[in-house]
Amino acid sequence: MSTVTHPTAHFDLEPMTGPGNVQLLEISMGPQHPSTHGVFRMKVVLDGERVVRLKPVFGFLHRNHEKIAESETYLGSMPYTDRLDYMCPLTNNWAYALAVEKLAGIEVPERAEYLRVIAGELTRLQNHACLIGFLMQDLGSSGTPLMYAFREREKILDLFEALTGARMMGNYMRFGGCRVDLPAGWLEQAGKVVADFPRFLDEYERLLVGNEILMDRTQEVGVLSRELAVSAGISGPMARASGVDYDIRKVDRYSIYDRFTFRVPLGSHGDVYDRFMVRLLEMRESVGILQQAMRDIPGGPIVDPKMKIRGFRPKPGEAYGRIEAPKGELGFYLVSDGSPNPYRYRVRPPSLINLTVLEDLCVGQNVADIVAILGSIDIVMGEVDR
Amino acid sequence: MDETLKNELSKQGIFTTSLQELYNWGRTSSIWPLNFGLACCAIEMIAATMARYDLARFGAEVFRPSPRQADLMIVAGTVTKKMAPQVVRLYNQMPEPKYVISMGACAISGGPFKQGYNVLKGIDRYIPVDLYIPGCPPRPEALIDAFMVLQKRIGEQPLTGANRPRHLNAGEPSEFPVPRFGEHDLEPAKNPDLWKPPLVQIAQAGTDESGNH
Amino acid sequence: MNLETIKSEIEANVPGCRLEIVANPSPSGQHSLRVDGEHAVDVAIFLRDASGLRFDFCSNVTGIDWPGKELTEKVKLRKLVDGAEQEVEEIRKTTTPGSLEVVYHLYSVEKKHGPITLRMRTQDRDTGVHLPSLTPVWRSAEFQEREVFDLFGVVFDGHPDLRRLLMWPGFVDHPMRRDYRDPDDCEYEPTAHDAVLQRANRHRSGVEGR
């Protein structure tokens, strides 16, 4: 085993002094912390209440998903993709299936595309609702908005359980389509849940949008400029809140998204309040997409009839496939050497790359704002560390 | 105590019990868990505390963020080797009596990520575990069931004698050594006083039985 | 997005750079450009700033390990054997040093086109693992290059803060390399068979282990 000798930049936050010879305080937030959204650690240097430096520490949930995928077959990695961003398992499946379909040139029948869109947009709904709930809990509202969000999430999880067999880890997509078709009566029940959703959104908006405490704590906090967002590879609602008009559903037009009419909400300030509002508005657009998809879904096969999964060996080559996951741009990069296992399997995690700017956003803010900023970035440690 | 005598006395407004029942009743009815979710199982744990499944009716009213104020640590999710020393430290900081529930396949034995170089193959290598909940992730009802089993077990613990719980037994340790980061792995890889696994019985050709040593 | 035209544009504007188109035989059609280490930063700046291209969004940075291969070939030589010249077959073994490859996927937010794939290779897998860092060009490469350093061992010169990202600081291996051996902690397996049984056998006999 060759070990490389290299210059390591040892990073110890030595005791620093600020202006006026005031000693600065270093605190360690996490990895066990009520508001860090999982096992995440931040080394923060403070001058009183103001943040001077912030270095995130990752790896507490590094489960070497990519190494395991090199010893599994292509389909064998599908259940592992559920566990990447565990709030949105079905969109992870979709991104992986899309990448493999690009690699091997597999086509997807129309009904399967509609099923994928329905599953993906339902996932987006429950992810954004829970994110707003978690953000409000971190701001101190003791879980009440989170309870409302989880009430809606339970309705959607019931739909997923009827469709895929599991509440969370659905393992629903296959290369060339979906695993199983809709059970009888599912569309009616889903139609009822989706028709009720705008009422929940109205309730949420009435309680939260004009809320003084929320506005005071989140407006002009953690402002992300447009240029930095593009340079740092920020994607998803966080980039759109800074005014970057880039939604992969509209740019790549993957799957059948060009058949649906929906708008893309953009923010202008790039602060925490804008990120919160963008997600609230995106939920309304998702409801619109769902209603159009459930109205137009055709009959037909749900998986490509030419696709044979036993002995699936894609030709040597590589492919990069990406979708607009609820957190941002989720991409899979696959390198094949003609064998049943991938040679290199890489997940492009939106949460990790959105965290690139955490230090820039937090420097100069108060300690209490770190939690609000982190909550608005929307991270899930299963995806950050893989 | 005679049951009929108990009933007669209670009709007169005199309530009798034993010290063990009273002591255990107080402890089972207010087990406060530590706010400690690692991965996907944490989401099901949160769902178990929300309005639909409501763990608060069983006494887990608040999830405490500080280990000094908690009785129960629900290790929900994969424990990686980078996180393992912090888990053991948190366990050491909890005051007695304390219990550990290992929720999900990953915390029991590494789960689907067992092949991982950074995955600890079960948290019971370093700390004693009272209950295991299999599943990936286990449903919130399974967590409620585990809670009820734990309550029953606490209720049956005698206060004296050989089977008394750990916090009443001065000889039993309540803090366990914290592993260090080595160059390739944690050192030590397991706590040998705590985890004594049966060796794999190497199968003869043609059979695939393995059992206890 | 014609890769040939982009290649000639870059060669016209960044003198001295050595580019090579790596064809991608899969149906995805995503061919890539291999760039050499000395001119990588200039090529990247050109791709980001040129008015027709404007690749301002670095989406994905990843590493691939290509271990060295041992090639055996039979060579026919004329040699002196027992005084007479004869044709003799000799077996020659050569080993290629292998290399680590870093792949960048670039998109354009302004022009909404892409992707373009850039590749760079190191000289070998032991000491010649230095490559220029593209973090000064695209900020999104910062954490991803740190991860490639952590898991593969590629050293990025010019990176503002090159430390391990996912493993702990005292760790000395590079786990995603193909020749990495897992630590030996497979003491208990309830139903051991196939590869798991082999590993347990090795553990029991003490062959595996550090």
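Residues in the range B:40-57 that are hydroxyl-bearing (Ser, Thr, Tyr) and assigned to a helix (DSSP H, G or I): B:Thr49 alone. Checking each residue in the range A:298-352 for being surrounded by fewer than 17 Cβ atoms within 10 Å (Cβ to Cβ) and touching a helix residue (DSSP H, G or I) at 6+ places or on another chain (Cβ under 8 Å) picks out A:Pro298, A:Gly299, A:Gly300, A:Pro301, A:Ile309, A:Phe312, A:Lys315, A:Asn341. The number of residues in the range C:45-68 being more than 18 Å from C:Pro115 (Cβ to Cβ), in contact with a strand residue (DSSP E or B) (Cβ under 7 Å, 6 or more places away or on another chain) and in contact (Cβ under 8 Å) with a residue 60 or more places away in the chain comes to 1.
Given the condition within 14 Å of chain C (Cβ to nearest Cβ), in contact with a His (Cβ under 9 Å, 6 or more places away or on another chain) and within 28 Å of A:Ser351 (Cβ to Cβ), answer yes or no: does some residue in the range A:217-240 qualify? Within the range A:217-240, none of the residues are within 14 Å of chain C (Cβ to nearest Cβ), in contact with a His (Cβ under 9 Å, 6 or more places away or on another chain) and within 28 Å of A:Ser351 (Cβ to Cβ). Among strands (runs of 3 or more DSSP E) entirely within the range C:18-114, having at least 1 residues that are over 24 Å from A:Pro349 (Cα atoms) singles out C:19-22, C:32-35, C:70-81, C:84-95, C:99-107. Go through (1) within 13 Å of the chain's Cα centre (by Cα); (2) among the aliphatic types (A, V, I, L, M); (3) at pLDDT 90 or above one by one and return the number of the condition B:Leu34 breaks. So the condition that B:Leu34 fails would be (3). Scanning the range C:103-114 for residues that are more than 12 Å from C:Arg48 (Cα to Cα) and at pLDDT 90 or above, we see that the one that is farthest from the other protein chains (Cβ to nearest Cβ) is C:Tyr104.
Look at A:Ala293 and say whether it is at pLDDT 90 or above and either of a type in the set (S, T, N, Q) or farther than 24 Å from A:Gly382 by Cα (or both).
Values: at pLDDT 90 or above: yes; either of a type in the set (S, T, N, Q) or farther than 24 Å from A:Gly382 by Cα (or both): yes.
Considered against the rule, which asks whether it is at pLDDT 90 or above and either of a type in the set (S, T, N, Q) or farther than 24 Å from A:Gly382 by Cα (or both), A:Ala293 comes out as yes.
Of all the residues in the range A:185-227, those that are more than 23 Å from the chain's Cα centre (by Cα) and among the hydroxyl-bearing types (Ser, Thr, Tyr) number 0.
Across the range A:149-168, what is the number of residues that are among the small types (Gly, Ala, Ser), more than 10 Å from every other protein chain (Cβ to nearest Cβ) and either surrounded by 21 or more Cβ atoms within 10 Å (Cβ to Cβ) or in contact with a Phe, Trp or Tyr (Cβ under 8 Å, 6 or more places away or on another chain) (or both)? Before the answer, list the steps.
In the first step, residues of the range A:149-168 are kept if they are among the small types (Gly, Ala, Ser); the result is A:149, A:162, A:165-166.
Checking the rest, the ones that are also more than 10 Å from every other protein chain (Cβ to nearest Cβ) come to A:162, A:165.
Those left that are additionally either surrounded by 21 or more Cβ atoms within 10 Å (Cβ to Cβ) or in contact with a Phe, Trp or Tyr (Cβ under 8 Å, 6 or more places away or on another chain) (or both): A:162.
Final tally of qualifying residues: 1.
Tell me, which helices (runs of 4 or more DSSP H) lie completely within the range A:200-241 with 2 or more residues that are open to solvent by 40 Å² or more (accessible area, probe 1.4 Å)? If you could, list the steps in order and put the result at the bottom.
Details: elements: A:212-218, A:226-231, A:237-241.
By residue number, A:212-218, A:226-231.
Is one or more of the residues making up the range A:85-104 within 10 Å of chain C (Cβ to nearest Cβ), farther than 27 Å from A:Arg153 by Cβ, open to solvent by 10 Å² or more (accessible area, probe 1.4 Å) and assigned to a loop (DSSP other than H, G, I, E, B)? Checking the range A:85-104: not a single residue is within 10 Å of chain C (Cβ to nearest Cβ), farther than 27 Å from A:Arg153 by Cβ, open to solvent by 10 Å² or more (accessible area, probe 1.4 Å) and assigned to a loop (DSSP other than H, G, I, E, B). Selection of the range B:61-106 for residues being within 21 Å of B:Gln151 (Cα to Cα), assigned to a helix (DSSP H, G or I) and not polar (S, T, N, Q) yields B:Pro67, B:Arg68, B:Tyr91.
When you look at A:Gly59, is it open to solvent by less than 10 Å² (accessible area, probe 1.4 Å), at pLDDT below 90 and either of a type outside the set (A, V, I, L, M, F, W, C) or within 30 Å of A:Gly288 (Cβ to Cβ) (or both), yes or no? So that I can check it myself, show each step before the final result.
Values: open to solvent by less than 10 Å² (accessible area, probe 1.4 Å): yes; at pLDDT below 90: yes; either of a type outside the set (A, V, I, L, M, F, W, C) or within 30 Å of A:Gly288 (Cβ to Cβ) (or both): yes.
Against the criterion (open to solvent by less than 10 Å² (accessible area, probe 1.4 Å), at pLDDT below 90 and either of a type outside the set (A, V, I, L, M, F, W, C) or within 30 Å of A:Gly288 (Cβ to Cβ) (or both)), A:Gly59 qualifies.
Here is a check on your reading of the model: is B:Ile101 open to solvent by 10 Å² or more (accessible area, probe 1.4 Å) and out of contact with any Ser or Thr (no Cβ under 7 Å at 6 or more places or on another chain)? Here the answer is no, as B:Ile101 does not meet what is asked. Of note, C:Asp179 satisfies the criterion of being modelled with pLDDT of 85 or more, of a type outside the set (S, T, N, Q), open to solvent by 20 Å² or more (accessible area, probe 1.4 Å) and under 19 Å from the mean Cα position of the chain (by Cα). Quickly run through the range B:22-65 and pick out the residues that are more than 9 Å from chain A (Cβ to nearest Cβ) and free of Cβ contacts under 8 Å to residues at least 12 places away in the same chain. Correct list: B:Leu22, B:Gly26, B:Asp54, B:Ala56, B:Arg57. Would you please name the residue that is nearest to the other protein chains (Cβ to nearest Cβ), looking only at residues in the range C:115-146 that are modelled with pLDDT under 85 and open to solvent by less than 30 Å² (accessible area, probe 1.4 Å)? The residue in question is C:Arg125.
Only one of C:Leu71, C:Leu33 is touching a residue at least 60 places away in the same chain (Cβ under 8 Å) and under 23 Å from the mean Cα position of the chain (by Cα); which?
Values: C:Leu71 fails: touching a residue at least 60 places away in the same chain (Cβ under 8 Å).
Within the list C:Leu71, C:Leu33, the selection yields C:Leu33.
For every residue, the table says whether it meets (1) free of Cβ contacts under 8 Å to residues at least 60 places away in the same chain; (2) away from every other protein chain (no Cβ under 14 Å); (3) out of contact with any strand residue (DSSP E or B) (no Cβ under 9 Å at 6 or more places or on another chain).
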position	(1), (2), (3)
A:Ile289	no, yes, yes
A:Pro298	no, yes, yes
A:Pro301	no, yes, no
A:Arg313	yes, no, no
A:Glu318	no, no, no
A:Gly321	no, no, no
A:Gly328	no, no, yes
A:Gly331	no, no, no
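If I filter the range A:66-78 for residues that are open to solvent by less than 30 Å² (accessible area, probe 1.4 Å) and not in a helix (DSSP H, G or I), do I get at least one hit? There is at least one residue in the range A:66-78 that is open to solvent by less than 30 Å² (accessible area, probe 1.4 Å) and not in a helix (DSSP H, G or I). Take the residues of the range A:169-184 that are outside any loop (DSSP other than H, G, I, E, B) and either over 23 Å from the mean Cα position of the chain (by Cα) or not basic (Lys, Arg) (or both): which is nearest to A:Ser255 (Cα to Cα)? Ranking the qualifying residues of the range A:169-184, first place goes to A:Gly177.
Do we have any residue at all in the range B:4-26 that's of a type in the set (S, T, N, Q), open to solvent by less than 10 Å² (accessible area, probe 1.4 Å) and under 28 Å from A:Pro31 (Cβ atoms)?
Initially, the range B:4-26 is screened for residues of a type in the set (S, T, N, Q), giving B:4, B:7, B:10, B:12, B:16-18, B:20, B:24.
In the following step, the residues that additionally are open to solvent by less than 10 Å² (accessible area, probe 1.4 Å) were identified as B:24.
Then keep just the ones that are under 28 Å from A:Pro31 (Cβ atoms); that gives none.
So far as the range B:4-26 goes, no, none of its residues is of a type in the set (S, T, N, Q), open to solvent by less than 10 Å² (accessible area, probe 1.4 Å) and under 28 Å from A:Pro31 (Cβ atoms).
Residue count for the range A:359-386, restricted to those that are open to solvent by less than 20 Å² (accessible area, probe 1.4 Å), in contact with a strand residue (DSSP E or B) (Cβ under 6 Å, 6 or more places away or on another chain) and within 20 Å of C:Arg146 (Cα to Cα): 1.
State all residues of the range C:147-158 that are open to solvent by less than 20 Å² (accessible area, probe 1.4 Å) and not aliphatic (A, V, I, L, M); if no residue qualifies, say none. Full working, then the answer.
Start the filter on the range C:147-158 by keeping residues that are open to solvent by less than 20 Å² (accessible area, probe 1.4 Å), which leaves C:147-156.
Within the range C:147-158, C:Glu147, C:Phe149, C:Asp150, C:Phe152, C:Gly153, C:Phe156 meet the criteria.
Summed over the range B:160-180, residues that are over 19 Å from B:Leu131 (Cα atoms), touching a residue at least 12 places away in the same chain (Cβ under 8 Å) and open to solvent by 40 Å² or more (accessible area, probe 1.4 Å) total 3.
The values are calculated or read from the model by the stated rules, or taken from the named source; none is laboratory data. Source: prediction; values computed, not measured. When we count neighbours, we look across all protein chains shown, and the Cβ atoms used for this are built from the backbone with ideal geometry, even at glycine. Just the protein is used for accessible areas: all its heavy atoms, side chains included, with ligands, DNA and RNA removed. Shrake-Rupley method; radii C 1.70, N 1.55, O 1.52, S 1.80 Å.
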